[in-house]
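For reference, the structure is listed below as structure tokens.
The values are calculated or read from the model by the stated rules, or taken from the named source; none is laboratory data. Quick caveat: nothing in here was measured; it's all calculated off a predicted structure. Methodologically, a virtual Cβ is constructed for each residue, glycine included, from the backbone with ideal geometry; neighbour enumeration extends over all protein chains shown.
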Protein chains: 2
Amino acid sequence: MINHVIIKKILHKGRNLIMKKLKLEDVAALAGVSKTTVSRVINRRGSLSQKTIDKVEAAMAQLNYHPNVIAQQLHTQRTNLIGILVPSVANPFFGELTMYLEDALFQRGYKVLISDALNQTAKEERYLSQLMGHQVDGLIIATHNNKLEEYQHANLPIVAIDRFLRADIPVVASDNYAGAKLATEALIQRGCQHIIHTYTTNPSNWHDNQREKAFQAVMADHHLPAITYTTAFDCPPAERTARFERLFDEHPAVDGIFASNDLDAARLLSLARARGYRVPADLQIIGYDGAQATQELVPELATIIQPIEQMATYAVKLLADRMAGEFTPTSTVLPVNLKTGQTLKTLGSSSTGTDELLEE
Amino acid sequence: MINHVIIKKILHKGRNLIMKKLKLEDVAALAGVSKTTVSRVINRRGSLSQKTIDKVEAAMAQLNYHPNVIAQQLHTQRTNLIGILVPSVANPFFGELTMYLEDALFQRGYKVLISDALNQTAKEERYLSQLMGHQVDGLIIATHNNKLEEYQHANLPIVAIDRFLRADIPVVASDNYAGAKLATEALIQRGCQHIIHTYTTNPSNWHDNQREKAFQAVMADHHLPAITYTTAFDCPPAERTARFERLFDEHPAVDGIFASNDLDAARLLSLARARGYRVPADLQIIGYDGAQATQELVPELATIIQPIEQMATYAVKLLADRMAGEFTPTSTVLPVNLKTGQTLKTLGSSSTGTDELLEE
């Protein structure tokens with residue numbers, strides 16, 4: 001039962017498609033290159049000299065030729081679109097990650113469909129369901145919502161950033177255990193005895209456990225009590241502030257804070273100063289993430305710097321390998337760095353006091 | 001001259017398309033709704049109850065049915081994609097703007113193609129050229145590169161944010177003149193006599209002139225010298241810092257700084273503190289933008305808050321109107337707010353000194 005109206009429409013489109021093909025030849029003739037080269041310039045495939053790109057683009061501009069991408073997609077069954085899901089690009093860490101992902105994908109000829117999940121499971125779910133309609137060639141997921149059923153059925157190439165989705169979906173992450181160990185040891189080495197770790201819990205439970213485990217282990221090694229304050233990933237800012245105020249009420253003698261993200265570290269720094277703590281003399285603070293914008297806005301904050309650019313580069317490389325059907329590692333863990341700042345004491349200054357701990 | 005191979009391929013795709021149609025009927029039958037309703041759920045068009053959405057999505061999940069978006073696009077000549085070009089989502093202002101744009105577009109059934117121009121004219125140009133191939137239904141532009149030739153020929157609906165592109169492209173902006181006036185008057189009212197304005201120049205020259213004009217006018221009204229330091233929009237961070245160091249070398253008596261963005265304000269605050277200025281006793285500082293992340297990271301910073309959410313909402317509304325062929329205003333200017341903070345003196349405190357100016 002063939003619907004003749006639809007077939008007629010498709011034949012009509014087909015003719016338009018052929019007209020486009022003829023124009024592709026015109027571009028090739030004008031630029032003095034082959035049709036294949038024009039096609040490769042349009043799709044940014046293979047290695048192309050800037051001279052060739054410029055020649056072809058000049059010819060396209062002169063003819064006012066814009067390739068019909070939709071017809072191409074029907075022909076190739078590829079969209080050259082990659083979907084990126086992040087909690088929110090308004091967060092400096094995810095904003096910077098998205099910037100590097102977009103740039104790395106652009107270099108490979110892909111364009112980026114972005115979705116801010118905004119910590120809404122329903123939004124992530126609906127978005128994913130739409131993407132399954134072959135609108136993207138692959139997905140990069142960095143959200144923290146509940147494990148969605150959708151990911152179990154997805155037959156698209158997917159790469160996750162700092163999140164476990166499914167056994168066969170590769171993960172790129174920085175070394176959360178090493179980072180938390182570095183941060184905790186930095187505080188202990190500088191004489192802190194009453195240290196609190198603050199971190200954000202989320203249902204995907206990938207990195208937070210690692211950071212908390214490292215904190216617990218280092219504190220136990222030094223026979224110090226490990227105190228942890230958690231807040232849910234979707235906790236409203238006012239509630240988060242109230243929770244941190246309670247932290248100071250309950251532990252007025254706190255002399256070290258390891259905050260598992262820089263936004264919380266900055267908030268704690270501000271609350272501590274308002275309560276009259278001298279930082280770092282009375283209280284030392286270290287954050288986590290080290291996004292460029294955060295480092296520019298709060299240059300004094302000590303932090304653990306995640307290699308955001310490299311995380312993005314590796315995620316894109318992995319996704320390209322998955323799309324090409326190549327072998328990929330299950331997880332790729334990248335090293336982190338300690339950035340000291342004015343919220344930590346200078347090591348070796350007399351004020352640290354505990355020589356024994358300095359041996360670490 | 002019809003190419004029979006291509007026609008054959010298209011007929012083959014046509015059959016697949018018809019098979020998808022049959023599956024759409026299956027979804028409708030299983031969900032107990034009409035085919036039109038299924039189609040509306042897929043495309044998020046018209047008003048739908050959550051109950052209907054849930055029923056249809058459950059049926060789609062049960063049949064493992066994913067609509068073939070590419071075939072739909074060929075049929076409707078619409079992609080339901082909107083392209084957003086920003087300088088960089090790693091910047092808290094543009095990250096937040098992108099988040100709100102994406103959310104407003106998602107509510108209307110659109111998905112977002114994002115490009116970080118990264119202040120590279122060549123990248124913006126290449127990206128635009130690709131988008132002209134009907135891959136998007138509309139564009140929202142917030143970049144600051146040179147006026148590109150492409151925008152002159154674009155026959156797509158376009159909305160610009162805080163940037164002039166072409167006489168018939170509507171602009172959404174916040175009130176840059178009023179914002180700069182508020183900031184400058186806030187410093188003068190609090191006793192500043194030696195005020196410096198720092199701002200970033202960019203080739204699109206839309207908002208900066210307004211802010212500089214307001215600064216000049218307010219200073220002239222108060223018979224105060226108007227000193228301005230400019231940096232190019234693509235100035236590397238280290239060079240920008242060097243320029244600000246020179247500002248303090250050349251004007252050690254500076255007692256007020258109006259920085260036309262919060263990143264610069266935070267940088268100036270940090271440099272001033274390192275030089276021993278007491279803020280706000282010796283030097284008062286006010287920034288511009290007021291992104292949420294910036295307010296969280298540097299809560300003490302006084303700033304002019306742009307209505308980022310409303311700018312995004314209006315831009316999306318305008319774009320929807322343009323796409324529907326409706327009448328739209330040329331420019332839409334939204335009000336800004338002064339956020340006082342610990343980098344400004346408290347008004348009325350005895351330390352401000354100049355009673356005369358307090359009458360403002």
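Remarks
- Single match in B:ARG211, B:ARG243 (criterion: under 24 Å from B:ALA272 (Cα atoms), of a type in the set (D, E, K, R) and crowded, with 22+ Cβ neighbours inside 10 Å): B:ARG211
- Subset of segment B:210-241 (residues that are part of a helix (DSSP H, G or I), at pLDDT below 95 and out of contact with any strand residue (DSSP E or B) (no Cβ under 7 Å at 6 or more places or on another chain)): B:GLN210, B:LYS213, B:PRO237, B:ALA238, B:GLU239, B:THR241
- Residues of segment B:265-296 that are at the interface with chain A (Cβ under 9 Å from one of its Cβ atoms), touching a residue at least 12 places away in the same chain (Cβ under 8 Å) and either charged (D, E, K, R) or farther than 20 Å from B:THR230 by Cβ (or both): B:ARG267, B:ALA291, B:GLN292, B:ALA293, B:THR294.
- Taking segment B:260-318 as the range and being within 25 Å of the chain's Cα centre (by Cα) and among the hydroxyl-bearing types (Ser, Thr, Tyr) as the test, the residues that pass are B:SER260, B:TYR288, B:THR294, B:THR303, B:THR313, B:TYR314.
- Within segment A:228-256, the residues that satisfy the criterion of being over 20 Å from A:ASN91 (Cβ atoms) and touching a residue at least 60 places away in the same chain (Cβ under 8 Å) are A:VAL254, A:ASP255, A:GLY256.
- Residue in segment A:186-198 that is without any contact (Cβ under 8 Å) to a residue 40 or more places away in the chain, assigned by TED's automatic domain parsing to the domain that holds A:ILE257 and part of a helix (DSSP H, G or I) present: no
- None of A:ALA160, A:ALA117, A:ALA167, A:ALA142 is in the same structural domain as A:TYR314 (by TED's automatic domain parsing) and modelled with pLDDT under 80 except A:ALA117.
- Every test in (1) within 14 Å of B:LEU139 (Cα to Cα); (2) more than 7 Å from every other protein chain (Cβ to nearest Cβ); (3) out of contact with any helix residue (DSSP H, G or I) (no Cβ under 6 Å at 6 or more places or on another chain); (4) not acidic (Asp, Glu) is passed by B:LEU113 save one, and that test is (2).
- Scanning segment B:106-120 for residues that are crowded, with 22+ Cβ neighbours inside 10 Å and under 17 Å from A:GLN135 (Cα atoms) yields B:TYR110, B:LYS111, B:VAL112, B:LEU113, B:ILE114.
- Residues considered: B:LEU97, B:LEU105, B:LEU128, B:LEU81. Of these, the only one that is in contact with a helix residue (DSSP H, G or I) (Cβ under 8 Å, 6 or more places away or on another chain), over 23 Å from B:GLN292 (Cβ atoms) and either in contact (Cβ under 8 Å) with a residue 24 or more places away in the chain or facing chain A (nearest Cβ under 7 Å) (or both) is B:LEU128.
- Enumeration of residues in segment A:242-261 that are touching a helix residue (DSSP H, G or I) at 6+ places or on another chain (Cβ under 6 Å) and within 20 Å of A:THR201 (Cα to Cα): A:PHE244, A:ILE257, A:PHE258, A:ALA259, A:SER260
- For segment A:145-157, taking the residues that are surrounded by fewer than 21 Cβ atoms within 10 Å (Cβ to Cβ) and more than 23 Å from A:PRO329 (Cβ to Cβ), the one that is modelled with the highest pLDDT is identified as A:GLU150.
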